[in-house]
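Down below is the structure, laid out as structure tokens.
The values are calculated or read from the model by the stated rules, or taken from the named source; none is laboratory data. Just so it is clear, the structure is predicted and the values come from calculations on it, not from any experiment. Virtual Cβ from ideal backbone geometry, glycine too; neighbours counted across all protein chains shown.
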Amino acid sequence: MISDNYIPEKINEYNAYLDGVKMIGVAASHTLPEVNMQTSTVSGMGVNGEIDSPTLGQFESMEQEIQFNTLYSSAVNALNPLNAVNLTFRAAQQVMDKSTGGGYAFKSLRIVEMGRVKKVKLGKIEKSNSMEAIVTLELTYILVEVDGEVIMEIDKLNQVYNINGVDMLAEVRGMT
């Protein structure tokens, strides 16, 4: 369970894995995808104006960009459009432990993403520099886990939407 004794500070170290194999030749950082619910505008009698209403369990496109230093190794393995890409980020989060008077502790972070190749930017060729090639995935699945606890899971293909262990779509699935 996530404790109030810890003050989150930073990512101490992380690795990325493609189909369970540590990726080599990737950039030093990754920006994780935005997760936006689909919305529709609600207006009418008794509503002063408009409300942009999220539709529970329905999500907009989720994209993950993976930047590679060169087009080699794991970058090539991520290019096959016939296979789903299974990407995992594992990180050690550094936290301050209030219960020890400010000592440090480390908490695990695991993010699993699955999707298909949507776009490839081959990058540039420049002497003594990285290519900055980018593979963009269209995600159909994302799981975020902190210290072994699932805090968010979205599986667009299997009607799964869990937040902190609560099935957000149980009632919806029971009616359809």
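Within region 68-97, residues that are touching a residue at least 40 places away in the same chain (Cβ under 8 Å) and on the phi < 0 side of the Ramachandran plot sit with their Cβ atoms under 7 Å from residues that are buried (at least 19 other Cβ atoms within 10 Å of the Cβ) and acidic (Asp, Glu), at 6+ positions apart or across chains, in these pairs: LEU87/GLU113.
Checking the conditions here, which among THR140, THR176 is over 21 Å from LYS22 (Cβ atoms), modelled with pLDDT of 95 or more and not small (Gly, Ala, Ser)?
Details: THR176 fails: modelled with pLDDT of 95 or more.
Within the list THR140, THR176, the selection yields THR140.
Look through region 98-115, keep the residues that are surrounded by 13 or more Cβ atoms within 10 Å (Cβ to Cβ) and without any contact (Cβ under 8 Å) to a residue 40 or more places away in the chain, and return whichever of them is nearest to ASP155 (Cα to Cα). The qualifying residue nearest to ASP155 (Cα to Cα) is MET114. A search for C-beta distances below 8 Å between a residue of region 116-127 that is in contact (Cβ under 8 Å) with a residue 40 or more places away in the chain and any residue that is among the charged types (D, E, K, R) and not in a loop (DSSP other than H, G, I, E, B), counting only pairs 6+ apart in sequence or on different chains, returns LYS118/GLU63; LYS118/GLU138.
Which residues, taken from region 1-17, are among the β-branched types (Val, Ile, Thr) and outside any strand (DSSP E or B)? Reasoning before the result, please.
Initially, region 1-17 is screened for residues among the β-branched types (Val, Ile, Thr), giving 2, 7, 11.
Passing the criteria: only ILE2.
Which condition breaks for ASN69 when tested against (1) under 19 Å from the mean Cα position of the chain (by Cα); (2) surrounded by 14 or more Cβ atoms within 10 Å (Cβ to Cβ); (3) farther than 30 Å from TYR104 by Cβ? Only one criterion is unmet by ASN69, namely (1).
Note on region 1-35: among residues that are modelled with pLDDT of 85 or more and small (Gly, Ala, Ser), the one that is nearest to ALA105 (Cα to Cα) is ALA16.
Being among the aliphatic types (A, V, I, L, M) and in contact with a Leu (Cβ under 7 Å, 6 or more places away or on another chain) is the requirement here; does VAL95 meet it? Considered against the rule, which asks whether it is among the aliphatic types (A, V, I, L, M) and in contact with a Leu (Cβ under 7 Å, 6 or more places away or on another chain), VAL95 comes out as no.
From VAL76, VAL112, VAL166, grab the single residue that is of a type in the set (Val, Ile, Thr) and more than 24 Å from TYR14 (Cβ to Cβ). Walk me through how you get there before you give the answer.
Numbers: VAL76 fails: more than 24 Å from TYR14 (Cβ to Cβ); VAL112 fails: more than 24 Å from TYR14 (Cβ to Cβ).
Sole residue among the options that is of a type in the set (Val, Ile, Thr) and more than 24 Å from TYR14 (Cβ to Cβ): VAL166.
Give all pairs with beta carbons closer than 7 Å in which a residue from region 33-44 that is under 25 Å from THR88 (Cα atoms) and in contact (Cβ under 8 Å) with a residue 12 or more places away in the chain meets a residue that is acidic (Asp, Glu) and outside any strand (DSSP E or B); count only pairs at least 6 apart in sequence or on separate chains. From region 33-44, the pairs are ASN36/GLU60.
Would you confirm, using the coordinates I've provided, whether VAL112 is at pLDDT below 95 and either touching a Cys at 6+ places or on another chain (Cβ under 7 Å) or part of a strand (DSSP E or B) (or both)?
On the way: at pLDDT below 95: no; either touching a Cys at 6+ places or on another chain (Cβ under 7 Å) or part of a strand (DSSP E or B) (or both): yes.
Considered against the rule, which asks whether it is at pLDDT below 95 and either touching a Cys at 6+ places or on another chain (Cβ under 7 Å) or part of a strand (DSSP E or B) (or both), VAL112 comes out as no.
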